[in-house]
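Below: the structure, in structure tokens.
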Amino acid sequence: MGKPEGDLWDDPGLYSITVPYHDLNDFFFSGHVGTCMLITLEYRAQRWYKLSYFTSFILINQWIMLTLVRTHYCIDLFAGIIIAHYCFLGAEKVVYFFDVKILGLPGKKRKRLFFKPCKNCGWSNKCASDYMTNAEQEKLKMFYREQKALL
């Protein structure tokens, strides 16, 4: 399987470092693995863990099959995962505007995947209660009440 006829990767008439002048079996990066990684990250963000494990299993199988049939090099597969991860992070920032500013959704309904550091100190997480169970929150409140009583 060579490159398709009439694509943009023909000889440009001058030497270029971005144009391969021989037939290739693939284009950089792996869209198969990248798409599966995006789906896995989205399932994890929605807290659908069983589906995220299933898509992770599919991702591993795709990785093995694409390597065995020599469709992609390993660097293409790594790049697919990395590019998908950064696309997911970028989409989270873009969608924030629509979710919060236009739709007015609070953070808990947006199901954030990533911790947001404190603007003042950069260390603690001001949204930590989004990631704790109610029982854990109650234990912390009780612990702080006891500490106040001791002082």
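The values are calculated or read from the model by the stated rules, or taken from the named source; none is laboratory data. Since the structure is predicted, the reported quantities are computational estimates derived from the model, not experimental observations. Note that each Cβ is placed from the backbone with ideal geometry, even for glycine, and that neighbours are counted across all protein chains shown.
Considering Arg145, Arg112, which residue is at pLDDT below 80 and either among the charged types (D, E, K, R) or under 20 Å from Trp48 (Cα atoms) (or both)?
Answer to the selection: Arg112.
Tally the residues that are basic (Lys, Arg) and at pLDDT 90 or above, restricting the search to the stretch 21-63.
Selection size over the stretch 21-63: 1.
Conditions (1) surrounded by 15 or more Cβ atoms within 10 Å (Cβ to Cβ); (2) assigned by TED's automatic domain parsing to the domain that holds His32; (3) at pLDDT 80 or above; (4) more than 13 Å from His32 (Cα to Cα), marked per residue:
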residue	(1), (2), (3), (4)
Leu68	no, yes, yes, yes
Ala84	yes, yes, yes, no
Phe88	yes, yes, yes, yes
Ala91	no, yes, yes, yes
Asp99	yes, yes, no, yes
